[in-house]
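Novice: One structure follows; several queries about it will come next.
The values are calculated or read from the model by the stated rules, or taken from the named source; none is laboratory data. None of the values given here were measured: they were computed from a predicted structure. Heads up, the Cβs are rebuilt from the backbone with ideal geometry, glycines too, and the neighbour counts pull from every protein chain shown. When the accessible area is computed, the model is the full protein with side chains, heavy atoms only, and any ligands, DNA or RNA have been set aside. Shrake-Rupley method; radii C 1.70, N 1.55, O 1.52, S 1.80 Å.
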Amino acid sequence: MSSNKVSSMEDIKLDPIVQTLTIIQLTYGVPSVVLMISFFILMRRTQIYSNSFYRLVQLDLLTNIFLYFNTWLGIRMAMHPSLIFILKFIEQSIPGFLTWCRYFTWWFMHIQFLTASVLSVHRITAILSAARYEKSWARYYFVCGILFALYSFLPSLLWFGFTNEVVILNGTLSIIKHSGTIVKATNVTAIFSVIYFIVIFSLGVVTSCMFTS
């Protein structure tokens, strides 16, 4: 039977290593997300970026933008005592929101793989079917986004339930860790990570060979 561990999120102490890593992450993370948002807006407003490939690039950018912010809400802010009050306010205002943020850290791994790999698939179809690929992708790229979002929920059905739940107990922001579920989720994610690596690597090799041949 799986055991659950309840601990206060308000009792954490700042780890110097975590602090150093956070500074490094902010150094490249903030400029990166600003650039991604800028590129996304540019592509939405400029007609020359209206073809299907750039629509898929926008989908990939949007995924990574939301991933960045979700990572802070779901994981990183909880490591800093000075930011806990923000998380507590969010949980008080929208109960369950932080639990879903932690869930989406798993979800984003899958959709991030899909939005990245579909760019290579698009390039391959552009070579194999130069006359028809644009019309097909322009018609279905939005459908791809919906299907990607739905698919990314499926792997979590293999472990059922939340791995972590953020709640307020007796006025204290707390986290409930479901140990058994965490083990299952970690194992499932490890398997999918290996599969995704092989697929992306293979698509990269195939795309490179097709463009250089």
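Novice: Which residue, of Ile65, Ile75, is farther than 30 Å from Gly171 by Cα and of a type in the set (Val, Ile, Thr)?
Specialist: Residue meeting the stated conditions: Ile65.
Novice: Give me a count of the residues in the range 62-74 that are under 8 Å from the mean Cα position of the chain (by Cα) and open to solvent by 50 Å² or more (accessible area, probe 1.4 Å).
Specialist: Residues flagged as under 8 Å from the mean Cα position of the chain (by Cα) and open to solvent by 50 Å² or more (accessible area, probe 1.4 Å) within the range 62-74 amount to 1.
Novice: Shifting gears a bit: Restricting to the range 158-187, name every residue that is under 22 Å from Met77 (Cβ atoms), open to solvent by 20 Å² or more (accessible area, probe 1.4 Å), in contact (Cβ under 8 Å) with a residue 40 or more places away in the chain and not β-branched (Val, Ile, Thr).
Specialist: Phe162, Asn164, Glu165, Leu169, Lys177, His178
Novice: Sort out which residues of the range 1-29 are within 21 Å of Thr172 (Cβ to Cβ), small (Gly, Ala, Ser) and assigned to a loop (DSSP other than H, G, I, E, B), and write them in order of number.
Specialist: Correct list: Ser3 only.
Novice: Let me ask something additional. Could you grab me the full set of residues in the range 118-150 that are hydroxyl-bearing (Ser, Thr, Tyr) and assigned to a helix (DSSP H, G or I)?
Specialist: Across the range 118-150, the qualifying residues are Ser120, Thr125, Tyr133, Ser136, Tyr140, Tyr141.
Novice: Something else now. For Ile200, are the conditions met, namely being open to solvent by 70 Å² or more (accessible area, probe 1.4 Å), more than 30 Å from Ser8 (Cα to Cα), at pLDDT 85 or above and in contact with a helix residue (DSSP H, G or I) (Cβ under 8 Å, 6 or more places away or on another chain)?
Specialist: yes
Novice: Hey, Ile90 hits all of (1) under 19 Å from the mean Cα position of the chain (by Cα); (2) modelled with pLDDT of 90 or more; (3) not charged (D, E, K, R) but one; which does it fall short on?
Specialist: Among (1) under 19 Å from the mean Cα position of the chain (by Cα); (2) modelled with pLDDT of 90 or more; (3) not charged (D, E, K, R), the lone unmet condition for Ile90 is (1).
Novice: Is one or more of the residues making up the range 31-40 of a type in the set (S, T, N, Q), in a helix (DSSP H, G or I), over 17 Å from the mean Cα position of the chain (by Cα) and surrounded by fewer than 11 Cβ atoms within 10 Å (Cβ to Cβ)?
Specialist: No, every residue in the range 31-40 fails to be of a type in the set (S, T, N, Q), in a helix (DSSP H, G or I), over 17 Å from the mean Cα position of the chain (by Cα) and surrounded by fewer than 11 Cβ atoms within 10 Å (Cβ to Cβ).
Novice: Of the conditions (1) modelled with pLDDT of 95 or more; (2) open to solvent by less than 80 Å² (accessible area, probe 1.4 Å); (3) in a helix (DSSP H, G or I), Val194 fails just one. Which one is it?
Specialist: Here Val194 meets the rest and fails (2).
Novice: Taking the conditions exactly as written (crowded, with 18+ Cβ neighbours inside 10 Å and either in a loop (DSSP other than H, G, I, E, B) or among the aliphatic types (A, V, I, L, M) (or both)), does Met77 satisfy them or not?
Specialist: Yes, satisfied.
Novice: So, Leu59, is that one at pLDDT 95 or above and either assigned to a helix (DSSP H, G or I) or open to solvent by 50 Å² or more (accessible area, probe 1.4 Å) (or both) or not?
Specialist: Against the criterion (at pLDDT 95 or above and either assigned to a helix (DSSP H, G or I) or open to solvent by 50 Å² or more (accessible area, probe 1.4 Å) (or both)), Leu59 does not qualify.
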